[in-house]
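Read-outs: derived from the displayed coordinates by stated rules, not from any lab. What you see is a predicted model; the values in this text were computed from it and never measured.
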Amino acid sequence: MRKSHVLVLAVLIAVGSALGTFALTRTTELGVKAREASTKDVDAAVAARRRQLNALEISLRKALAQKPPKLPALPKLKKPQPVQVATRVYTPAPVTSVAPAPAPIARVVAPKPKPATTRTVTRQAAAHESDDHAQAPSGGSHDD
């Protein structure tokens, strides 16, 4: 590396560290100021709410000390006569059982197969996969 490159890198690192230190000090100063301001705001809000609650409590105590006016007398109503309910006895409906009619049975006769004129050879499927491989001419290699 050339000496000029080393010098440029050293200057860039120095400028970066100076800016970082400046930003760090500004941030910590702002944090202290914010804490002081927030405590003052909170104290003012608590004091205002306390005044409101005290005024509300005083008004509630005054309202509790006053006696409400008497309610008017209720009108006299005639007593309703009891209603008699007729009792009903429910009986189940008579059950009649009817045997189902016998189902008709029809026999279907299948036509007889025609005799085959040509001889067909059918190969049965192997019962197991390994049986099929044993018959294969590939030597029984497994693809599993």
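On full extension of the chain, what length is gained from Leu12 through Ala101, given 0.36 nm per residue of separation minus the C-alpha to C-alpha distance? Walk me through the numbers before you get to the answer.
Values: separation 89, 0.36 × 89 = 32.04 nm, distance 10.62 nm.
Here the answer is 21.4 nm.
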If each Cα of the range 41-88 is one equal point scatterer, what is log10 of I(q)/I(0) from the Debye formula at q = 0.18, 0.30 Å⁻¹? -0.79, -1.05
Against the rule of thumb 2.2 N^0.38 Å, how large the Cα Rg of the range 1-66 comes out: 2.64
